[in-house]
Amino acid sequence: MRRLERSDSAAALWPPLRRFIRAEARLGVAAAARGPLWLAGYEFVRFGVKQGWACLFGGLLLGLIVATRLLWPADAWLARYDALFLAALAIQAALLLARMETLDEAKVILIFHVVGTVMEIHKTAIGSWVYPEASVFRIGGVPLFTGFMYAAVGSYIARAWRLFDFRFTRHPPLWALSILSLAIYVNFLTNHAVYDLRFVLIAAAALLFGPATVHFKIWRRHRAMPLLLGLGLVALFIWFAENIGTVSGAWLYPHQRAAWSLVPLAKLSSWFLLMIVSYTLVARVNGIVRLRPAMPARSLAALP
């Protein structure tokens with residue numbers, strides 16, 4: 001797959017969206033012509049649509065988790081967890097066949113599925129959380145649909161990276177992030193047996209990412225955000241999704257077995273560290289593109 005030029009629309013990556021590029025560009029030009037408030041509204045909607053497209057895989061999977069909780073018969077011949085696993089496979093195949101997902105994104109999903117499943121096997125074995133329902137497609141205490149939940153995080157980062165045309169300033173070197181991510185993953189596997197180093201790792205992440213800025217394009221130009229803040233916000237939304245998952249009974253923490261209660265905010269530290277691992281893997285696939293000096297402005301009618 002060719003790399004997009006700066007002037008290309010990210011929608012060109014997904015063939016079903018290509019037909020809408022010119023029409024959507026005309027909407028932007030019309031909004032800009034009406035004044036700054038219309039333009040701000042257009043960019044706000046465009047940002048939401050891009051986020052929704054980036055969340056496509058994860059949103060579908062979370063929707064299935066909720067729907068099966070509400071609608072799946074308790075005495076069905078196919079267990080709910082197995083139905084989720086087969087549905088996740090079907091979604092993956094459908095997205096690829098419809099070309100709504102690229103092969104690069106599918107590779108990221110596969111990597112995260114393996115990484116997540118290995119961690120799930122370990123964590124359920126020591127009782128960190130449980131999957132209370134029966135299933136056939138499982139390894140130990142882990143139903144196989146769970147790997148797709150981790151894959152959804154990787155899928156989101158990979159798609160958002162391209163949709164928002166990420167550029168960076170003062171980005172930490174990938175070798176340093178790789179060492180940090182390996183330490184984070186090892187800590188996830190060993191923190192029950194030895195000293196939990198998560199706060200040391202969070203401090204190291206803050207030191208590495210603190211100076212970094214991510215520049216993301218909603219429409220015509222890149223806007224800036226501290227990269228550390230961006231990762232923290234994504235971790236927060238994963239925490240929201242986790243609460244939806246636990247209230248639907250897909251998995252339970254020990255304190256939720258008698259009655260459901262909110263996932264502790266302390267879990268944000270775990271999700272933040274997982275975000276670092278996810279981000280590093282995607283960064284190694286996509287590469288880090290530094291922000292270049294602003295190019296001469298083009299006419300609005302020619303902008304994607």
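General observations
- Which listed residue, of ALA93, ALA87, is surrounded by fewer than 16 Cβ atoms within 10 Å (Cβ to Cβ) and more than 16 Å from the chain's Cα centre (by Cα): ALA93
- Residues that are under 19 Å from ILE276 (Cβ atoms), crowded, with 16+ Cβ neighbours inside 10 Å and touching a residue at least 60 places away in the same chain (Cβ under 8 Å), drawn from the stretch 165-186: PHE166, PHE168, HIS171, LEU177, LEU180, SER181, ILE184, TYR185
- Among the numbered conditions (1) under 25 Å from ALA283 (Cβ atoms); (2) in contact with a Leu (Cβ under 7 Å, 6 or more places away or on another chain); (3) touching a residue at least 24 places away in the same chain (Cβ under 8 Å); (4) assigned to a helix (DSSP H, G or I), the only one that ASP104 does not meet is (2).
- Scan of the stretch 107-134 for residues that are more than 19 Å from the chain's Cα centre (by Cα) and part of a helix (DSSP H, G or I), ordered by number: ILE121, HIS122, LYS123, THR124, ALA125
- For the stretch 145-164, taking the residues that are of a type outside the set (Gly, Ala, Ser) and more than 15 Å from LEU62 (Cα to Cα), the one that is surrounded by the fewest Cβ atoms within 10 Å (Cβ to Cβ) is identified as ARG162.
- On inspection, VAL277 fails the criterion of being modelled with pLDDT under 90 and in a helix (DSSP H, G or I).
- Helices (runs of 4 or more DSSP H) (entirely within the stretch 5-70) containing at least 3 residues that are on the phi < 0 side of the Ramachandran plot and modelled with pLDDT of 90 or more: 21-34, 36-54
- Condition check for LEU56: within 28 Å of GLY147 (Cα to Cα), touching a residue at least 24 places away in the same chain (Cβ under 8 Å) and in contact with a Gly (Cβ under 8 Å, 6 or more places away or on another chain): no
- Any hit, the stretch 71-84, residues being closer than 19 Å to ALA158 by Cβ and among the hydroxyl-bearing types (Ser, Thr, Tyr): no
- Hey, LEU252 in contact with a Pro (Cβ under 7 Å, 6 or more places away or on another chain) and hydrophobic (A, V, I, L, M, F, W, C) or not: yes
The values are calculated or read from the model by the stated rules, or taken from the named source; none is laboratory data. Just so it is clear, the structure is predicted and the values come from calculations on it, not from any experiment. Positions of Cβ are generated from backbone atoms using ideal geometry, with glycine treated the same way; all protein chains shown enter the neighbour counts.
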